[in-house]
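Just so you know, all these numbers are worked out from the coordinates, no wet-lab data involved. Predicted model, so just to flag it, every value in this text is computed and none were measured. Counting neighbours? That spans all protein chains shown, and the Cβs are built from the backbone with ideal geometry, glycine included.
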Amino acid sequence: MKTLIFNGSPRISGDTAFLQQEFLAHLKGEYQVIHAYDGKIRPCIDCRYCWKNPGCSIQDGMQELYEEIQEADNILIASPIFFSEITGPLLSVTSRLQTYFCGRVFRKEKPVPKAKKGGIILVQGGDRPMDKGLDTVRELLAEMNAGMMGKPVCYKNSDKVPPEKHPELLEDVRQLARFFNEG
């Protein structure tokens, strides 16, 4: 079993990373973490190459990631929420999924034929609604054919109480890992 994780956090030891580590502690199989802040993948430039061709005209780390997406059994998106949305660098990386949208709409293909399980971990300081970020992540997962989703893990008020102080939150993360582990 292979799990691909898109991590949108700028902090390698923040609350999102803590919950991701808790998830990994209960996950079986191989995994790969894509850190949106490492700068190896540029954003979509709307050149429209993908309107007629699979893939992308930009030659960078995304070429390898397209292969990883195809092979993955599970995809997790983990991100802090900034101003009701996932982080900018994560949006930039995932903007390159435009080739999948164009594959379906313009090229009339099924760009990611293998169905996958999808998972979501979102963390936010404060208690504002997370619906916008949650909707974005659901759409991104759908573009990667990860339509069968586990219960989203959405943690608010991380600025007041760290996630390790919430046993029910940690159980939700473990439950998401168990969902991925089920064949």
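Numbers at a glance
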| quantity | calculated |
| --- | --- |
| J(HN,Hα) series, segment 25-42, from Karplus relation 6.51 cos²θ - 1.76 cosθ + 1.60, nearest Hz, glycine and proline x | 5, 10, 8, 9, x, 7, 8, 9, 10, 9, 8, 4, 7, 7, x, 7, 10, 7 |
| Ellipsoid semi-axes in whole angstrom, largest first, where each is sqrt(5λ) of the Cα gyration tensor of the chain | 27, 18, 14 |
| Residue with peak Gaussian network fluctuation, the chain [Cα springs, cutoff 10 Å], from GLY118, GLY29, GLY150 | GLY29 |
| The chain: angle of helix 62-71 to the longest principal axis, Cα-based, in degrees nearest 10 | 70 degrees |
| 19 Å cut-off, amide nitrogen to a point 7 angstrom out along ALA142 Cα→Cβ, residues in segment 72-106 | 75-78, 85-86, 91, 94-106 |
| Hits among lysines - C-alpha to C-alpha of LYS108 under 18 Å, sequence gap 8 or more where chains match | LYS52 |
| Residue order, fewest to most beta carbons within 10 Å, for GLU182, GLU85, GLU139 | GLU182, GLU139, GLU85 |
| Magnitude of the charge dipole, the chain, Cβ model with Lys/Arg +1 and Asp/Glu -1, debye to 20 | 500 debye |
| The chain: angle of helix 131-143 to the longest principal axis, Cα-based, in degrees nearest 10 | 40 degrees |
| Rounded to 10°, Cα long-axis angle of helix 167-181 versus longest principal axis of the chain | 40 degrees |
| Segment ARG42-LYS151, extension gain: residue separation times 0.36 nm, minus the distance between their alpha carbons | 36.2 nm |
| Listed residues PRO113, PRO54, PRO80, most fluctuating in the chain (Gaussian network, C-alpha, under 10 Å) | PRO113 |
| Extension gain from GLU68 to ASP127, taking 0.36 nm per residue of separation minus the Cα-Cα distance | 17.8 nm |
| Residue of ILE86, ILE34, ILE45 that the Gaussian network model of the chain assigns the largest fluctuation, springs spanning Cα pairs under 10 Å | ILE45 |
| Cα lying deepest toward the dipole's positive end in segment 2-181, options GLY88, ASN145, VAL33, charges on Cβ | ASN145 |
| Percent RCO, i.e. relative contact order, over the chain, from Cα pairs under 8 Å lying at least 6 residues apart | 27 percent |
| Cα-based reach from LYS28 at 22 Å (exclusive), listing lysines while leaving out same-chain residues under 8 positions away | LYS2, LYS114, LYS116, LYS117, LYS151 |
| Three-way shape label, segment 43-145, alpha-carbon gyration tensor, a/c 1.5 | prolate |
